[in-house]
Amino acid sequence: MINIPKGTKDVLPSEVYKWHYIEGEVRKVAGLFGYKEIRTPVFEHTELFLRGVGDTTDIVNKEMYTFLDKGDRSITLKPEGTAGAARSFIENALDNNPQPTKAYYITPVFRYEKPQAGRLREHHQFGVELYGSESPYADAEIITLAKSVFDNLGVTELELNINSIGCPNCRKDYSKALRDYFGDYRDRLCPTCLERLEKNPLRILDCKVEECKEIAKGAPVVLDYICDDCRAHHERLLGYLDALGVQYKVNPNIVRGLDYYTRTVFEFVSTAIGSQGTVCGGGRYNNLVEQLGGKPIPAVGFGMGIERLIMVLENSGLSVGDREISDLYVASFESTTTEAMKLVYSLRKAGVKADFDLIGRSLKAQMKFADKCDYPYVVVLGEDEVKKGVVTVKGMKDKTAEEVPFDGLSAYIRQKRK
C-alpha cells in the first residue's frame, strides 16, 4: 500500500463542504471590496522566490520544494502567493490598467516544515493583493477586508497585532542597532542566526529557536528607529483603524517571515488553536515589484490559512457550513430501474439533486441506504407509479407522505428546499 506523503491531507467528500463554505465566504467578501480573482501557476522559477521572498528567510533556506525539471531549470512549488501574483502583475503589464489593481487568490502552497496544527506541508491560502496605492487608506482596507471575513464567519476570539518595520532608508540604522546588540551574543546564537547577523539581522527576530527568541526579547525596538515619513504613515493607519472601530495592539515584535515587507506588518492571532495561533498575516511591500524587474509601484496585502481558519471555527463551536446532500432518492425495482433513471435525469435537468440505485440493491437495502445518507425525501417508483405518472414523496425526517405527479416533482422538491 502506498501512503499519503507526510504533511499532506486528503480532503474527503464527507468534509469538503467546509472548504466550499470558507471559499464561498471569502469570495463574497473579496467581491464586496472590489477584488477579482487571479490564478497563478502552482510552480514558478526558483529565482522568483530568491529575489522576492529573500534568501535569508526560513522559507527559502529551509522550506522550499525545489527541483530541476527535464530542461535542467530550477523550479519551485509556490511557498506563498504574493511573489507569483507580483510576477503576473509585471508580466501582464497590469500597471497599464487604471490603478489600484485589486486581486485575490485561493491557492495551495508548499513548505517543507514540521507539520503543525492547521499548517501542513501542503496547505491552502486565501490572499489579497492591492497594487498602486501608497496611502495608509489602502492598508486599512486590507486589514478591514480580513476582519470582515472573520466577522462574517462569527470569529471573535482574535487579536489584531500591528507594527511598522520602516522603509529601506530608516531600516539601515535599525539593522546597525541590531548587529550591535546581537553581536554581544554571538556565542549563543544558532548557526542560522549567525549568518543572519551579517546578511539581515532583522530575521533574527523571527527565529524559532528558544535561546534566540529569549535573546531577542531585549533587542532594540524598530519603532524607535523609523523615519518621520514611516512614522506618519503608521500613525495615520492607526487613526483610520480607530475611526473604523477596529481594535488592535501595537506589537513591535512582529516582523513577519518574508523579506519583501516594508512599513506596515500585521497579524490576526486566534486564541482558539493554541500557541501557533496566527491565522492571517500581511503588510506592505512597496519595493517587491521593482525587485522582480517591474516599475516601482507600492503594494499591500495578506495571506490567510484556510486549514487554520477551519480549526478556529470548529474549536470555537462555530458553523463550518452544511454537509452537501442530495434532495431526493428514487428507489426502484428491477423492472422500473430504467424509468427511475429517466426520472432522475429529468429532475437533474430541472435543478434537483437526485439519485437512484446504481448497484442493484433490493428495495429494503435501498431504503436503508437512503436513510444512512440522510436524503431528506424518498420516492418508491413501482410499476403502478410508472403507469399513473404519480409518486408518493416521503419526508424522511418529518414522516410526511404526499402524492405528486411526475411533472410537478421538481417544483415540489424545490419548494420544500426553501
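Readers should treat all values here as calculations from the given coordinates under stated rules, not as data from a laboratory. Note that the structure is predicted; figures quoted are calculated from it, not measured. Virtual Cβ from ideal backbone geometry, glycine too; neighbours counted across all protein chains shown.
Below is a table of values for the structure above.
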item	result
Sequence-distant aspartates and glutamates (8 or more away, or on other chains) whose Cα lies within less than 12 Å of Lys342	Asp355
Relative packing of 130-141, 11-22, which averages over residues the other C-beta atoms within 10 Å, highest first	130-141, 11-22
Highest-MSF residue in the chain out of Lys295, Lys199, Lys353 [GNM, Cα springs under 10 Å]	Lys353
Compactness of the chain, expressed as Rg and Dmax over alpha-carbon positions, Å	27.3, 92
Full-stretch length increase - Thr271, Asp371 - with 0.36 nm per residue and alpha-carbon distance subtracted	32.1 nm
Taking Tyr329, Tyr104 and counting other C-beta atoms within 10 Å, the order from fewest to most	Tyr104, Tyr329
Among the listed pairs Lys353/Lys416; Lys9/Lys208; Lys372/Lys394, those beyond 19 Å (Cα-Cα)	Lys9/Lys208
Selection from Tyr174, Gln125, Gln99, by position along the positive dipole direction of the chain (Cβ)	Gln125
Cα→Cβ-extended label distance, 7 Å offset, between Tyr181 and Asp69, nm	4.3 nm
Net lengthening on full extension, Arg39/Tyr112 (0.36 nm per residue, minus Cα-Cα)	24.0 nm
Per-residue [θ]222 nm for the chain (sum of -39500 (n - 2.57) over DSSP H runs n ≥ 4, rounded to 500)	-11000 deg cm²/dmol
Residues in the stretch 23-42 reached by a label modelled at Asp322 [backbone nitrogen below 16 Å; 7 Å Cα→Cβ]	24-25
Charge-dipole axis of the chain as Lys and Arg at +1 and Asp and Glu at -1 on Cβ define it, positive-most pick from Val246, Leu12, Phe49	Leu12
Long-range HN-HN contacts of Asp327 with modeled amide H, under 5 Å	Lys353, Ala354
Length-normalised contact order of the chain in % [C-alpha pairs under 8 Å, at least 6 apart]	16 percent
Inter-label distance, nm, simple model (7 Å from Cα along the C-beta direction), Glu195/Glu334	7.1 nm
On Cα atoms only, tilt of 16-32 relative to the major axis of the chain in degrees	60 degrees
With eigenvalues of the C-alpha gyration tensor scaled by 5 and rooted, the stretch 116-212, Å	32, 21, 12
Whole-number percent relative contact order across the stretch 307-396, with pairs defined as alpha carbons under 8 Å at least 6 apart	33 percent
Protection proxy ranking of 215-222, 68-75 - average other beta-carbon atoms within 10 Å, highest first	215-222, 68-75
Alpha-carbon Rg/Rh ratio, for the stretch 321-418, with Rh computed the Kirkwood way	0.93
Kirkwood-type radius of the stretch 180-328, with distances r between different C-alpha atoms, in Å	18.3 Å
Lys pairs under 18 Å by Cα in the stretch 20-130, provided they are eight or more residues apart or on distinct chains	6
